[in-house]
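Below is one structure, written out as structure tokens; comments come after it.
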Amino acid sequence: MQKLMVTGGAGFIGSNFVRHVLRTYPDVHVLVYDKMTYAGNLDNLKDVAEDYAERYSFERGDIADAARVDEVMQQCRIDTIVNFAAETHVDRSLMGADSFIRTDVFGTYVLLEAAKTYDIERYHQVSTDEVYGQVLEGASLETDPLHTRSPYSASKAGGDLMCIAYHESFGLPVTITRGSNNIGPYQYPEKVVPLFVTNAIDDLPLPLYGDGRQMRDYQYVLDHCEGIDVVLHKGQPGEIYNVGTEVETENIVMTHAILDLLGKPYSLIQPVTDRPGHDRRYSIHCAKLRALGWRSRHTFEQAIEKTVRWYVENEWWWRKIKNGEYIEYYRKQYAGRGI
Ligand code: NAD
Ligand code: TYD
């Protein structure tokens, strides 16, 4: 891996991954290719552009635009692709799934075609534990069937299946990781943790869906990035690896932790109408990735503490996001649900 293209690298996890790679591998050049949707933000890469100017570059483009992908692949002689580019928010997928199918399914196909044309060393697909669907008991293995229930998870599953098809049909060296919920710096404040932290700082209500007893495996974003790195270096082509802490936390417990860390009252919690088709619980086994030498390095308590601290110390980053498109989305999303 010398010339790495990180698609969706201006988003939350992608930007953390870019920083991790440039810090860790002095011989790697990273090209970020990103459409810059509402979730793409060059502030996420501000320090990277300054600190690694000679090994980092940025190209704006859509992964579903085959001609543009081809142009960039050829110009930059890319040998590895890590695909983070996606529409990622379940609630937005319930409002309209068009862009999810276009990016998460069709865009993945376009990248796989380019990977095949240029005969690259590795194509890595960043996927999610949500493709297994809700898991009321036990935990999902990589071999388990997919049981998607939201347009978001269905489109991610479509991308995964296409990746496997390209490995089986054309021998493309594809790997897939399925990560649990990430938290940490630079997460767009539509996702529950940055939404609740930034609302609580401003003494605004925290809209908790349903009974608040849904469970997620909240992992620190750098642990996930290290997992992807390990799979890139030690994973077997054609294989899928789950990435998470293997500990699930109820949303109400996560919410109390945020309020406790900020010294804010629980009265800020505002129960709202539940999300339609809300997956009750996700849970994954990660022994396959641990066998490659990877370990999750943050407990939920450590991850949430670091995350809250980052948002407290980096108001410059999130205050400018919470206007314009964001306010419009927020109104549409929460109006009439009890908030
Ligand atoms: P994000 O929404 O913060 O960022 C997505 C990025 O992709 C943005 O920079 C956006 O501009 C870009 N993008 C969107 N459509 C594009 C297109 N057509 N062409 C090029 N760029 C495009 O997402 P995230 O939370 O960082 O998630 C990154 C990846 O990780 C996604 O594939 C997601 O499914 C997966 N994932 C996320 C989580 C999580 O908890 N956030 C957990 C597991 C897996
Ligand atoms: P989210 O961050 O949207 O991730 P995902 O649904 O992809 O796991 O939501 C995480 C959990 O938090 C999920 O159970 C839904 C819940 N949630 C709320 O209770 N209130 C909110 O405003 C949001 C956005 C999510």
Hey, how much of the P(r) for segment 187-240 falls beyond 18 Å, as a percent of Cα pairs?
-> 54 percent
Apportionment of accessible area to carbon and sulfur, the chain, percent (1.4 Å) | 52 percent
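On a 19 Å Cα-Cα criterion, which of the cross-link pairs 234/288; 35/116; 35/234; 46/156; 156/288 come out too long?
Details: 234/288 12 Å; 35/116 22 Å; 35/234 30 Å; 46/156 29 Å; 156/288 21 Å.
In this structure, 35/116; 35/234; 46/156; 156/288 lie more than 19 Å apart at Cα.
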Given the protein chains as shown and a 1.4 Å probe, how many square angstrom of residue 148 are accessible, to the nearest 10?
-> 50 Å²
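Please report the relative contact order for the chain, taking Cα pairs under 8 Å with a sequence separation of at least 6, and give it as a percent rounded to a whole number. Show your work: numbers first, answer last.
Working: 644 pairs, mean separation 58.8, N = 339.
The value is 17 percent.
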Fully extended, how many nm does the chain gain between residue 314 and residue 337 (0.36 nm per residue separation, minus their Cα-Cα distance)?
-> 5.3 nm
Return the aspartates and glutamates within reach of residue 264: Cα separation strictly under 13 angstrom, same-chain partners fewer than 8 residues apart disregarded; answer none if there are no such residues.
-> 202, 203
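Output the antiparallel fraction of DSSP beta bridges having both residues in segment 50-187, as a percent to the nearest 5.
Of those bridges, close to 0 percent are antiparallel.
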For segment 205-217, just list the computed ³J(HN,Hα) in residue order, Karplus coefficients 6.51, -1.76 and 1.60, θ = phi - 60°, integers in Hz, with x standing in for Gly and Pro.
-> x, 9, x, 8, 6, x, 8, x, 9, 5, 10, 10, 8
Largest first, how would 136, 268 line up by accessible area (1.4 Å probe)?
-> 136, 268
Only helices at least 18 Å long along their axis, Cα-based, and averaging -1.0 or more on Kyte-Doolittle count here, so list those DSSP H runs from the chain.
-> 12-24, 151-170, 221-234, 300-313
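For residue 147 and residue 119, calculate 0.36 nm times their separation in residues minus their Cα-Cα distance, and state this gained length in nm to one decimal. Don't skip to the answer; put the middle values down first.
Values: separation 28, 0.36 × 28 = 10.08 nm, distance 3.22 nm.
Contour length minus the Cα-Cα distance gives 6.9 nm.
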CD proxy, 222 nm, the chain: helix-only mean residue ellipticity via -39,500 (n - 2.57) per DSSP H run with n ≥ 4, per residue, nearest 500, stands at -12000 deg cm²/dmol
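I need the Kirkwood Rh of segment 211-339: take the reciprocal of the average 1/r across all distinct C-alpha pairs and report it in angstrom. Could the numbers behind the result be given before it?
Working: mean 1/r = 0.0578 Å⁻¹.
It works out to 17.3 Å.
Using only alpha-carbon positions, what ratio does the radius of gyration of segment 136-254 give when scaled by 2.2 N^0.38 Å? Numbers along the way, then the final one.
On the way: Rg = 16.7 Å, N = 119, 2.2 N^0.38 = 13.5 Å.
For segment 136-254, the normalised Cα radius of gyration comes out at 1.24.
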For residue 332, go through the lysines and keep the ones whose alpha-carbon is under 21 Å away, minus same-chain ones fewer than eight residues off.
-> 191, 320, 322
Starting from the coordinates of the alpha-carbon atoms of segment 73-141, obtain the Kirkwood hydrodynamic radius over all distinct pairs and give the value in Å to one decimal.
-> 14.1 Å
For residue 53 and residue 253, what is the calculated FRET efficiency with R₀ set at 56 Å and r taken between the beta-carbons, to the nearest 0.05?
-> 0.85
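Just to be sure I understand: of the beta bridges DSSP finds with both ends in segment 176-257, what percent are antiparallel, rounded to 5?
Numbers: 2 of 8 bridges.
About 25 percent, rounded to the nearest 5.
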What residue among 170, 12, 106 has the largest mean-square fluctuation in a Gaussian network model of the chain, using Cα springs under 10 Å?
-> 170
Alpha carbon convex hull of the chain, volume per residue in cubic angstrom | 121 Å³
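The values are calculated or read from the model by the stated rules, or taken from the named source; none is laboratory data. Computed from a predicted model, the values in this text were never measured in an experiment. In this analysis, Cβ positions are derived from the backbone assuming ideal geometry, glycine residues included, and neighbour counts consider all displayed protein chains. Accessible surface is based on the protein model in full, side chains and every heavy atom, while ligands, DNA and RNA are left aside. Shrake-Rupley method; radii C 1.70, N 1.55, O 1.52, S 1.80 Å.
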